[in-house]
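Data first, discussion second: the structure below is written as structure tokens.
None of the figures in this text is laboratory data; all of them are computed from the coordinates on show. What you see is a predicted model; the values in this text were computed from it and never measured. Positions of Cβ are generated from backbone atoms using ideal geometry, with glycine treated the same way; all protein chains shown enter the neighbour counts.
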Amino acid sequence: MIARLRGKPVGRGAEGLLLDVNGVGYLVHATPRALAKAGGDEMTVETYLHVREDALSLYGFADGEERELFIQLLSVSGIGPKVALAIVSGSTPAELRRAIAREDTARFQAIPGIGKKTAQRVVLELKEKLAGSELMPYGDAGSDKHLVAREALVELGYTLVEAEQALARIDPELPPEERVRLALRAA
């Protein structure tokens, strides 16, 4: 298993990031947080090698926490690596764990390619798996603040997907009313 790569980012495209590691170019399907690290001369990316009978695909993450959540998502029936990458790419791992803890299926339905049944399955299966883990948050006011901001945007005419996308670009530590104001200003 290839768990980490350190090298020079030499290209970026729709397929992902091209990372040159001692003269060998690795194509890494990466999360936005991992791609953001690609600005310097050298970068380190946590990776997961997905093996199928017809392909080897390398997925890249900004940190081990993103990779661990990606692996957990792969264990959910009906979730493949592309959908798992889309889920991990949409929010921080902490936000996704909070959504799982609060059984917020709407958060997952906002991700392209995930319907109601798949979102319910993700929440159900991962809640059971993460319940005893240190990866699962206990009570957290941050998720309540996010839900308040998201619901405010929906009431103002945003779709659930648009509200999630708008809030994903805004600091989650801000109060809900400030997040809503900034989302409206950016629109």
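What is the sum of charges, Lys and Arg at +1 and Asp and Glu at -1, for the other residues whose Cβ falls under 9 Å from the Cβ of residue 45?
Around residue 45, the surrounding residues sum to +2.
Find the relative contact order for the stretch 64-130 and round it to a whole percent, using C-alpha pairs within less than 8 Å whose residues are 6+ positions apart.
Reported as a whole number, the value is 33 percent.
Might you report the magnitude of the Cβ-based charge dipole of the stretch 141-186 about its Cα centre, with Lys and Arg at +1 and Asp and Glu at -1, to the nearest 20 debye?
140
Sequence gap at least 6, Cα distance under 8 Å: using those rules, report the relative contact order of the stretch 46-187 to the nearest whole percent.
17
For a 26 Å ceiling on Cα separation, which of these pairs sit above it: 82/117; 8/82; 82/127; 8/127; 37/116?
Check vs 26 Å cut-off fails for 8/127; 37/116.
For the stretch 13-112, calculate the relative contact order in percent as a whole number, restricting contacts to Cα pairs under 8 Å that are 6 or more residues apart.
The normalised contact order for the stretch 13-112 reaches 19 percent.
Counting other beta carbons within 10 Å of each Cβ, put 88, 154 in order, fewest first.
154, 88
Once Lys and Arg get +1 and Asp and Glu get -1 on their Cβ, which of 113, 38, 2 lies farthest toward the positive end of the dipole of the chain?
Farthest along the dipole direction, towards plus: 113.
Exposure proxy check: 48, 26, 158 ranked by fewest other beta carbons within 10 Å?
Neighbour counts put them in this order, fewest first: 26, 158, 48.
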